1. Whether any residue in the stretch 105-116 is within 16 Å of the ligand (Cβ to nearest atom) and either assigned by TED's automatic domain parsing to the domain that holds Gln354 or closer than 27 Å to Val327 by Cα (or both) is what I want to check.
2. Would you say Arg355 is surrounded by 15 or more Cβ atoms within 10 Å (Cβ to Cβ) and basic (Lys, Arg)?
3. For Glu297, all conditions in the list (1) open to solvent by less than 10 Å² (accessible area, probe 1.4 Å); (2) in a loop (DSSP other than H, G, I, E, B) hold save one; what is the number of the exception?
4. Looking for whichever is more than 16 Å from the ligand (Cβ to nearest atom) and within 30 Å of Ile294 (Cβ to Cβ) here; the options are Leu250, Leu208. Which one fits?
5. Look at His175 and say whether it is within 16 Å of the ligand (Cβ to nearest atom) and not hydrophobic (A, V, I, L, M, F, W, C).
6. Against the definition (under 18 Å from the mean Cα position of the chain (by Cα) and of a type in the set (Asp, Glu)), how does Asp384 come out, yes or no?
7. From the list Ala188, Ala159, Ala195, exactly one residue is open to solvent by 10 Å² or more (accessible area, probe 1.4 Å) and assigned to a loop (DSSP other than H, G, I, E, B). Which is it?
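The values are calculated or read from the model by the stated rules, or taken from the named source; none is laboratory data. Please read these numbers as outputs of a predicted model, since none were measured by experiment. Positions of Cβ are backbone-derived with ideal geometry, glycine not excepted, and every protein chain shown enters the neighbour counts. Heads up: the accessible areas ignore ligands, DNA and RNA and are worked out on the full protein's heavy atoms, side chains in. Shrake-Rupley method; radii C 1.70, N 1.55, O 1.52, S 1.80 Å.
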Amino acid sequence: MRSAVSVAFAALLLAGANCPAQALPVAAPFQESKEANDARMQWFRDAKFGMFIHWGLYSQPAGKWKDKTTGFGAEWIQEQKAIPSSQYSVLAKTWNPTQYNPREWVRLMKAAGIKYVCITTKHHDGFCLWPTKMNDDWNIACTPGGKDLLKPLADACRAEGLQFCIYHSVMDWHHPDWPGRPAFNDYAKGQPDKARFKQYLYGQLKELFSNYGPIGMVWFDGTWDRKSWTSEDGKALEDYTRSLQPSVILNNRSGYLPPQRKLNIEISNTYSYIFAGDYISPENEVPSTGLPGIEWETCQTMQPPKNWGYNRLVGFRPFEDMLRQLVDVTSKGGNMLLNIGPTAEGEIAPQARQRLEKFAAWMQVNSEAIHGTTASPFERLPFDGRCTQKPGKLFLHVFKWPADGRLLVPVTNKVRSARLLAIPGQNLAVTVVANGVQVALPAAAPDPIDTVVVVEIEGPAVPVPAPKKLSVDGPVEVSSVWPGRDQKDLKPANITDGNSGTIWAAEESAREASVTVEMQKEAEVTQIRLSEGPYARTQLFDVEAQVGGQWKKIAEGTAIGADLVLNFPAVKAQKFRLNIRKANDTPALAEFQLFGK
Ligand code: FHN
C-alpha cells in the first residue's frame, strides 16, 4: 500500500498507517507580555514586503493536464480536474528543477526590497519539498532531482539577512488519514484516522523546526473544512508550533477560532479575518481603511486570477499596479506578501523577474519610504497618492503629478525641509497655506509611477482637520441636457446625489458646458471634489463662487477625471459654478461636492 505514513516519527514512535496512533505532545498554552509580543513582532512590522513562493509538483503541468487547461488556481489542478492520485503521482517521477539557484533568487528578492520569504513546504497535494522522514513516497527525495529544496533556500535567506518562513497546508489530499479525504485519492484505503494524521502533521513540523534554523513565520492554510479540522485542533496546533520555536510568528489560519472581535470595515474574504495567530491574512484583498490596531498582511499573486502556482497560460500583473498596491498597503499599516510561482525547472519566470527588477530600481531610490514606516496620519489626501511616515518624516508618494506643480500636504506641523528622494540634497520650497503646507515641485515627475517627496516635520504629524461635507441640496442648473429617451437617466440631479456611478450629460453636440450647484445658505467652502465618473472628456475648466452677486474664479485646471480634489483658501458663498471651457466629447459630470466649515 502506498501510504503517506510509513516511516516512524521518532519522537512519537509512530509505527505506520495501520497502527494505532500514539499520544500527541501537548504544549502549554502560549502566553507572553505586551513587551515580549512587541519584540517578537518587530521584524514583521518593519518588513512591509514579503515574497510568497508556491512551488511544487503542480509547477510541471502549470495550468495544463493532458488536454485539460485551467486559467486559475494552477496549484489546484489535481482537485479541479479530479486527477486520481495514482496518475498525479507520476509528477514525482519527473520533477527535476535543474535550474534552481536559491542564492540568486534571494539576491533578486532582496534587491527588490523583500524582507521575508515564505515557501510552500507542503501544499494541498501533500507533496513535501524536503526529504521528510514521515513518508517515503511523497517527498523530494523520491524525485529524480532528489535534493532538499528548502535547506539551500533557508541558508540563502540567512546569508542575505532575510527571514525564512514556511507555508504549510494542513489539508492534505494525499495522506490517507486526512479526514476530508477527496474521492480522487485512489491510493487510500480504509477509514481516515485523524489522530494518526495529527501525528504526521506534528512530526513534519518538528522536522521543519529542527533542521532549518530559525523559522520567521508559519503560514498555515487549508483549515477551512470545519468537519475535518476543529477550533480545538487549531488551538493545539498553534501551541505546539510555538513550543518548537517561541519566536515564530503565526498567521491566522491554524483553524483556531477564538471569540471574534468586530471589524468596522467592509471585508469580503471572511475566512481570512479570524482573530487567531498573530495577524490577519486577507487574501487578494486590501482592507479599504487598513485595520487600525490589528496586524495584517495581504497576500497577492503576480498571476491573477488566483494562480499561486506557476501557470504558463496566463499573464502577469503590471509592475505599476503592484508597486502602487505595496504603497497603498504600507500607507494603511499592513504588509504585502507578493507571490511568485517558479517554473518546474526552478526558474523565476522572466515576467516575474522583470517585475522584481523594477521593484529593485524603485527601492534603490525609495526604500526608506516603505521599510520601517507606519500608516498614514491622514484620512484623505488632497492629491492622487499615499503617505507613509517615520518619526519626524512624512513620505508623500505622488502617483499623479500635480499639473500646477504644487503639492498640498494637509499638516499643521512646522516643516524643516522638503525634498524628493530621487533628488537628494536639493530642498524644495515650502509655503504655509490655509489648508496645510504647499511644496513646490519640479515640472516633471522623476518617476511617473510613484515619486516620493519627503517632508521633515517637527513633532508627531498633526493633520489639518478634514473639511466636512456640506449639503448641496439646492437645484442644479446646467447649460443643456442630453436629449431624448436617455434624458431621465442623465439628469442634472445626478451631479449631487453622492453616487459617482450616475451622471448628467450635456446636449450631444456641446463641447462646452456649465453646472451650478447651490446650498440652502452660505457656507465657508475650502474644498471641491469633482468627478466625471468613467469619462475623462474635460480639457479645460474653471470653478467660480458667487460672492456678493459677482462670480469669482477660485480654481482652474485641464482635466477632471474620476476624482479631482480642488483645495483653495476659504470662500464664503451659496452658489458654485463649474465652467467646462473645452471638452473632447459631450461634457458629462458625475459629482460636484462641496466641503468646508
Ligand atoms: O487554496 C490556497 C491557495 O492555493 C493558495 O495557497 C492561497 C494563498 O493564500 N491560499 C489558499 C486559499 O485561501
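1. Looking for residues that are within 16 Å of the ligand (Cβ to nearest atom) and either assigned by TED's automatic domain parsing to the domain that holds Gln354 or closer than 27 Å to Val327 by Cα (or both), one finds at least one in the stretch 105-116, hence yes.
2. Answer is yes for this residue.
3. With (1) open to solvent by less than 10 Å² (accessible area, probe 1.4 Å); (2) in a loop (DSSP other than H, G, I, E, B) applied to Glu297, the lone miss is (2).
4. Testing whether each residue is more than 16 Å from the ligand (Cβ to nearest atom) and within 30 Å of Ile294 (Cβ to Cβ) leaves just Leu208.
5. So His175 does not fit the description; no.
6. Numbers: under 18 Å from the mean Cα position of the chain (by Cα): no; of a type in the set (Asp, Glu): yes.
Taking the combined requirement at face value, the residue does not satisfy it.
7. Every option except Ala188 fails the conditions.
For (1) within 16 Å of the ligand (Cβ to nearest atom); (2) assigned to a loop (DSSP other than H, G, I, E, B); (3) more than 19 Å from the chain's Cα centre (by Cα), each residue gets a yes or a no:
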site: Gly346; (1), (2), (3): no, yes, yes
site: Gln351; (1), (2), (3): no, no, yes
site: Gln354; (1), (2), (3): no, no, yes
site: Lys358; (1), (2), (3): no, no, no
site: Trp362; (1), (2), (3): no, no, no
